[in-house]
Structure formats: C-alpha cells, structure tokens
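A short worksheet on the structure shown next.
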Amino acid sequence: MGFVARGIAYIVIGVIAVMVAFGVARHEPDSAGAIEAIAAKPFGYLLLWILVIGFLGLAVWRFVQAAVKRLNLTEGHRVRALLCGIGYAIAFYSTLIFVVHGTKPAASDSSARDYTSHVLALDGGRVLVAVAGIVFVAIGIVMAIQGFGAEFTRHLRMGWMSRSTQDTVVRLGQAGYVARAVVIAGIGIAALDAAITYNAAKAKGVDGVLRSFAQSDFGPWLLILVALGLVAFGILSFFEAKWRRTLGGVPV
C-alpha cells in the first residue's frame, strides 16, 4: 500500500504539472495540491485514506531500516532510510490532518521560503542555506546517475518479470529518476540563489521549481517532459509494490 500511495501522489502531481504547462491547472503541482485534487474527485476521501495508511507504512518501514543495522550495507544507507522515513512521516501527518480536519498542508513554495527565512536569520545562516543547496544539487546529480544506470533495478526482483515488463520497468525508472533529479537539483539551485542574494524569497519548493521550467527558454515543453517523468515514477511505484525485493525474499 505504501508504494501504491507513493505512485498515486506522483501521478497526480505530474498530471497537475502538465495542466500547469497548458495553463489550465487549478491546484499547485506539489503534495498539497495533489491532496486537494484527489479530495475533489468521487471517492477522493477514500483514496486519501489509502494514502494515509500507505505513507504510514512507508514511514514505519524506513524507520525500521534505519534502526536495524543488519538491514543496511553501510551507515550511509541507514541515514538515507532515516531521512526517507521522516519525509514519509510528514506526508502521513499532513494527509491525515487534511482528511480528519480539512486543514490544507502548506504549499511547498511557502514552506521553503519560511524555512529559508528562519535559517538566514541565524548566525551563519547563509552558509547553512548554501550547504543545503549544494546537498540538494548533489543528491539530484547522484539520482540522475542512478536513473541513467538503472541502478534502481537492484531493489527489484527483475528475474520474476517477463522480458517486456523488465524493459518497461527500466524505461519508467530512467524517466522517473531523472525527472525527480531535475526537480531536486532545481530546489538546490534556488537555495543557493537565496543564500548568495541573502533573499529568502528566492527559495523554491516543488511547485515553484516546476513552474519555473515553464518560464525557461524551452517554454512549457521542459515542464511537460519533467511532468511525464514524474508520472512515470508513479507508475514505477506500482511495479515496486509487486516486485520490490524484501528481506528473506528469493534473491533473483
């Protein structure tokens, strides 16, 4: 359910981003906008409960990975699992609050500006924001390399799939990982700009980065390509729900 929930979220964000490119979007292309868009559809709140349960499952899974040393190859994997767990826990909480109380999560753009503003006000805040920006750019580069190299297949039981399914999974993963890498690197570049200019308004979240693609020299086509990549990652998540390698599984 966790991977299904992640898939639904990415597909909805990608679809909203395509609508932004064509100027017909009514929601922000981020998690907050996705939650609103899902809630507006028939059986939307039932789907949101699936997301609540799924995100909780992903958070618990990642926290267990971080806590149990033998489940990780290196300490770096444990740190990554912890950070992913925190991210999924936030997604779980914000979705739950919306379903139970109707409180809309803050848009990623406003959250990014608020956090950046608080950090910039600290001693050495510009350095911290710049370091965060560099980390995001580095993560984006690593993710793009993993995508092009199809390293994500190491976590899947590829031997259980047909040849055509294997090819589909590889193509979806490459498109999805590269699209996510572009967005994450864009967030990092915006953070670096905010640090250099000492201006928190330059910071951007997912929605701000996606909208900036539409305003680039390539116009809305760059945004459409990235949006389709996000949709591809969402579909890949459905494949992961079935074929993700787990501890104790047959190593094929």
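Summing charges over neighbours of Gly229, with a neighbour being any other residue whose Cβ is under 13 Å away from its Cβ, gives +2 when K and R count +1 and D and E count -1.
Accessible surface calculations at 1.4 Å, restricted to protein heavy atoms, place region 49-106 at 59 Å² per residue.
Normalised by residue number, the volume inside the convex hull of the Cα atoms of the chain is 142 Å³ per residue. Loop-located chymotrypsin sites (Phe, Trp or Tyr not before Pro) in region 116-183 (DSSP state not H, G, I, E or B) with no more than 16 neighbouring Cβ atoms inside 10 Å do not occur. Label-to-label distance for Ala67 and Gln215 is 4.5 nm, based on points extended 7 Å past Cα in the beta-carbon direction.
Computed over the Cα atoms of region 1-119, the ratio of the radius of gyration to the Kirkwood radius (Rg/Rh) comes to 1.03. Electrostatic bookkeeping for Met158 treats Lys and Arg as +1 and Asp and Glu as -1; over the other residues with beta carbon under 14 Å from its beta carbon, the sum is +4.
Normalised by residue count, region 145-189 yields a Cα convex hull volume of 58 Å³ per residue.
Equivalent ellipsoid of region 103-252: semi-axes from √(5λ) of the C-alpha gyration tensor, largest first, are 34, 17, 13 Å.
Among the chymotrypsin sites (Phe, Trp or Tyr not before Pro) found in region 43-85, those both in a DSSP coil and sparsely packed, with 15 or fewer other Cβ atoms within 10 Å of their Cβ, are Phe43.
For region 1-149, carbon and sulfur atoms together expose 71% of the accessible surface, with a 1.4 angstrom probe and every protein chain in place. Roughly what angle does helix 220-243 make with the longest principal axis of the chain, taking Cα atoms, 0 to 90 degrees, to the nearest 10? The angle comes out near 30 degrees.
Relative to the present Cα-Cα distance, how much length would full extension add between Leu46 and Ile145 at 0.36 nm per residue of separation? Don't skip to the answer; put the middle values down first.
Numbers: separation 99, 0.36 × 99 = 35.64 nm, distance 3.70 nm.
Full-extension gain reported as 31.9 nm.
Mind checking which lysines have their C-alpha under 21 Å from Lys41, skipping anything on the same chain fewer than 8 residues away? Excluding near neighbours in sequence, the set is Lys104. Using alpha carbons only, how many degrees (0 to 90, rounded to 10) separate the axis of helix 44-67 from the longest principal axis of the chain? Orientation of helix 44-67: about 80 degrees from the principal axis. With the helix formula -39500 (n - 2.57) applied to DSSP H stretches of n ≥ 4, the chain reaches a computed 222 nm mean residue ellipticity of -25500 deg cm²/dmol.
The values are calculated or read from the model by the stated rules, or taken from the named source; none is laboratory data. Model, not experiment: these values are computed from the prediction. Positions of Cβ are backbone-derived with ideal geometry, glycine not excepted, and every protein chain shown enters the neighbour counts. Accessible surface is based on the protein model in full, side chains and every heavy atom, while ligands, DNA and RNA are left aside. Shrake-Rupley method; radii C 1.70, N 1.55, O 1.52, S 1.80 Å.
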